[in-house]
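The values are calculated or read from the model by the stated rules, or taken from the named source; none is laboratory data. Keep in mind that what you see is a predicted model, and the values were worked out from it rather than measured. In this analysis, Cβ positions are derived from the backbone assuming ideal geometry, glycine residues included, and neighbour counts consider all displayed protein chains.
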Amino acid sequence: MPNFSTNEFKPGLKVMLDGEPCSILENEFVKPGKGQAFNRVKLRNLKSGRVWERTFKSGDTLEGADVMDVDLEYSYTDGEFWHFMDPSTYEQYGADRDAVGEAEKWLKEQERYEITLYNGSPLAVTPPNFIELEITETDPGLKGDTAQGGSKPATLSTGAVVRVPLFITEGEVIRVDTRTGEYVSRAGKG
Amino acid sequence: MSDWRPSAPLVNLKERAALLTQLRTFFSDRAVLEVETPLLSQATVPDPSIEVFPVPAAGNESAPRYLQTSPEFAMKRLLAAGAGDIYQISKAFRQGEAGRHHNPEFTLLEWYRVGWDHAALVREVAELLSAVLGTKGWQIWPYRALFIELLDIDPMVDGDLGAVPESWLSVARSRLGDVPQDLDRDAFLDLLMSHCIEPTLGNWGVVFVTDFPPSQAALARKTQVAGDSVAARFECYVQGRELANGYWEQADPELLAEQFKADNARRRHRQLVEQPIDDRLLAAHHHGLPECAGVALGIDRLLALKLAAESLQEVMSFAWPVA
């Protein structure tokens, strides 16, 4: 991979730091009028998700990380790996539990996910911001409570549990915001 | 291209025009003469911390020219010629300095007071800031006292003067995590100043840091304070932002020539190109630079402070990325 100098550090650039692949979040140029120039850099460690802050001498370099984001379709899990497929090449990628992480509860067959590949292997799985899923289990709502804005738990086909309005019933398909885990609307209603 | 629009809201550009008028009035009321000097010169600064934009020889020219990094040298030639108190508002250019508080092309206010020392000039800078920003009062902190107060580090005496003491490394690591390995002593002090001290100055109002280590004298003269050799230099910080840099000017031509040679030696050491020495400036010093103090103040930063702007882009018509 090529090396990148501090003046090329842009948000989103993937670099290696302490042997770990990182994504640059911020790069602040700091320089006394008469004196040494520095770059104060915030990076996200793509393995742990933790944010690091580091100071570099301006002009210092870091090696680029072989990291790229691809859109892949979820196929199935064998319990150990979650398998994704590139719909244009049919190439298969197996993501382990660390890579799937929180995304597991939003995995639906044939849905597309953003997979971060590091040296060709899945490092992280990001679900789409909104996803439509069927309710497999929820208590029947009580009539007349709809105006109160009350809510109840509902289990989705993926196993995720979200709070839904009382008027929603089993078998309905709802739209959920995967970032907050909140109910948005009935499916098909935008 | 979709980014043809100005970086700054037009209302800020009106504020900019008003500020320029106010500054010109400030100096004409004090009988300081406005001057203009060339942007393109045959020589430039050898200071290793400043990188100039060279302009390749074109047309009938046989040698490159250099965009000025400040109007200092030409203004000193005017001072040597007897111009008296002078000021200039001009563009200056420094390669690679781009960021929230930097733009490679920026506007400097630079002025010189004949017969003054840096202490007298500190007062005038404070008066200018009071007129523009409405600041009241100011603090003066010797460099050494500031480091002892805030970091418990003595920049003048700790350890071997050629090296970075272990105690400084631990202070920096405890606040910043890993720090660059290959910094010399002055670069390390710059790291501590910019990363550990400046943020603290953020709520101290107007602060003048004075009496720098002699190794950071640049073109200021060296004096004795309480038995220590210090540089007669000040940096002005407002809300933790470096705004102005002033000197009681080094007039001695031999010491100036030595300084330039030392700067070029440091450039060589860092594998930077050496810069041509400004012989006309040295000749002016041989003729005689009057006793004087001078200061350069960043107008873009001054306006950003006045308008509480987050970045210089908000106060420049077309900042570097869209210029």
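Looking at segment A:64-102, which of its residues are among the small types (G, A, S), under 15 Å from A:R112 (Cβ atoms) and buried (at least 17 other Cβ atoms within 10 Å of the Cβ)? First the steps, then the outcome.
Step one: filter segment A:64-102 for residues among the small types (G, A, S), giving A:64-65, A:75, A:79, A:88, A:94-95, A:99, A:101.
Filter again for under 15 Å from A:R112 (Cβ atoms), leaving A:75, A:88, A:95.
The one that is among the small types (G, A, S), under 15 Å from A:R112 (Cβ atoms) and buried (at least 17 other Cβ atoms within 10 Å of the Cβ): A:A95.
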How do the helices (runs of 4 or more DSSP H) wholly within segment B:216-323 filter down when requiring 3 or more residues that are among the charged types (D, E, K, R) and under 30 Å from B:A98 (Cβ atoms): which remain? B:253-269, B:299-306
Given the criteria in contact (Cβ under 8 Å) with a residue 40 or more places away in the chain, more than 30 Å from B:R5 (Cβ to Cβ) and surrounded by fewer than 20 Cβ atoms within 10 Å (Cβ to Cβ), does B:D279 qualify? yes
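With B:S41, B:S2, B:S28, B:S7 as the choices, which residue is hydroxyl-bearing (S, T, Y), modelled with pLDDT of 95 or more and out of contact with any helix residue (DSSP H, G or I) (no Cβ under 9 Å at 6 or more places or on another chain)? Reasoning before the result, please.
Numbers: B:S41 fails: out of contact with any helix residue (DSSP H, G or I) (no Cβ under 9 Å at 6 or more places or on another chain); B:S2 fails: modelled with pLDDT of 95 or more; B:S7 fails: out of contact with any helix residue (DSSP H, G or I) (no Cβ under 9 Å at 6 or more places or on another chain).
Exactly one of B:S41, B:S2, B:S28, B:S7 is hydroxyl-bearing (S, T, Y), modelled with pLDDT of 95 or more and out of contact with any helix residue (DSSP H, G or I) (no Cβ under 9 Å at 6 or more places or on another chain), namely B:S28.
Under the condition of being in contact with a Lys or Arg (Cβ under 8 Å, 6 or more places away or on another chain) and touching a residue at least 24 places away in the same chain (Cβ under 8 Å), which residue from segment B:256-276 is surrounded by the most Cβ atoms within 10 Å (Cβ to Cβ)? Step through it out loud before you land on a result.
Residues of segment B:256-276 that are in contact with a Lys or Arg (Cβ under 8 Å, 6 or more places away or on another chain), as a first pass: B:273-275.
Cutting the leftovers down to touching a residue at least 24 places away in the same chain (Cβ under 8 Å) gives us B:274-275.
Values: B:E274: 14, B:Q275: 21.
Per the stated criteria, the residue is B:Q275.
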I'd like the residue in segment A:34-49 that is part of a loop (DSSP other than H, G, I, E, B) and facing chain B (nearest Cβ under 8 Å) and, out of all such residues, is surrounded by the most Cβ atoms within 10 Å (Cβ to Cβ). A:A37
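If we scan segment B:231-253, do we find a residue that is on the phi > 0 side of the Ramachandran plot, of a type outside the set (G, A, S), surrounded by 20 or more Cβ atoms within 10 Å (Cβ to Cβ) and in contact (Cβ under 8 Å) with a residue 24 or more places away in the chain?
First, pick out the residues of segment B:231-253 that are on the phi > 0 side of the Ramachandran plot: B:239-240.
Those still in the list that are of a type outside the set (G, A, S) too: B:239.
Going one step further and asking which of them are surrounded by 20 or more Cβ atoms within 10 Å (Cβ to Cβ), we end up with none.
Checking segment B:231-253: not a single residue is on the phi > 0 side of the Ramachandran plot, of a type outside the set (G, A, S), surrounded by 20 or more Cβ atoms within 10 Å (Cβ to Cβ) and in contact (Cβ under 8 Å) with a residue 24 or more places away in the chain.
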Pick from segment A:8-27 the residues that are surrounded by fewer than 16 Cβ atoms within 10 Å (Cβ to Cβ) and within 13 Å of chain B (Cβ to nearest Cβ): which of them is nearest to B:P199 (Cα to Cα)? A:E26
Starting from segment B:209-226, keep only residues that are within 14 Å of chain A (Cβ to nearest Cβ), then list their pairs with residues that are among the small types (G, A, S) whose Cβ atoms are within a distance under 7 Å, requiring at least 6 positions of separation or different chains. B:F212/B:A231; B:P213/B:A231; B:P214/B:S229; B:P214/B:A231; B:Q216/B:A231; B:A217/B:A231; B:A220/B:A231; B:A220/B:A232
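Can you tell me how many residues within segment A:50-94 are assigned to a strand (DSSP E or B), within 24 Å of A:E104 (Cα to Cα) and either within 14 Å of chain B (Cβ to nearest Cβ) or β-branched (V, I, T) (or both)?
Filtering segment A:50-94 for residues assigned to a strand (DSSP E or B) gives A:51-57, A:61-64, A:67-77, A:82-85, A:92-94.
When the remaining residues are screened for being within 24 Å of A:E104 (Cα to Cα), the result is A:51, A:67-77, A:82-85, A:92-94.
From the residues that got through so far, the ones that are either within 14 Å of chain B (Cβ to nearest Cβ) or β-branched (V, I, T) (or both) too are A:51, A:67, A:70, A:77.
Qualifying residue count, segment A:50-94: 4.
Let me confirm something: among A:T116, A:T61, A:T55, which residue is surrounded by fewer than 18 Cβ atoms within 10 Å (Cβ to Cβ), within 23 Å of A:P21 (Cβ to Cβ) and among the hydroxyl-bearing types (S, T, Y)? Don't jump to the end; show me each part of the working.
Values: A:T116 fails: surrounded by fewer than 18 Cβ atoms within 10 Å (Cβ to Cβ); A:T55 fails: surrounded by fewer than 18 Cβ atoms within 10 Å (Cβ to Cβ).
Checking each option against the conditions leaves just A:T61.
Considering only segment B:86-204, give the helices (runs of 4 or more DSSP H) lying wholly within it that have at least 3 residues that are more than 11 Å from chain A (Cβ to nearest Cβ), touching a Phe, Trp or Tyr at 6+ places or on another chain (Cβ under 8 Å) and of a type outside the set (F, W, Y). Break it down stepwise before answering.
Details: elements: B:118-133, B:143-151, B:166-176, B:185-192, B:198-201.
In segment B:86-204, the matching helices (runs of 4 or more DSSP H) lie at B:118-133.
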Scan segment B:28-45 and tell me whether some residue there is within 14 Å of chain A (Cβ to nearest Cβ) and either within 28 Å of B:S311 (Cα to Cα) or among the hydroxyl-bearing types (S, T, Y) (or both). yes
Subset of segment B:199-215, residues surrounded by fewer than 20 Cβ atoms within 10 Å (Cβ to Cβ) and either closer than 19 Å to A:A37 by Cβ or among the acidic types (D, E) (or both), comes to B:P199, B:S215
Among the numbered conditions (1) more than 11 Å from every other protein chain (Cβ to nearest Cβ); (2) modelled with pLDDT of 90 or more, tell me where B:C236 comes up short. (1)
Please go through segment B:239-263 and pick out each residue that is more than 14 Å from every other protein chain (Cβ to nearest Cβ), in contact with an Asp or Glu (Cβ under 9 Å, 6 or more places away or on another chain) and under 29 Å from B:G202 (Cα atoms). B:W248, B:E249
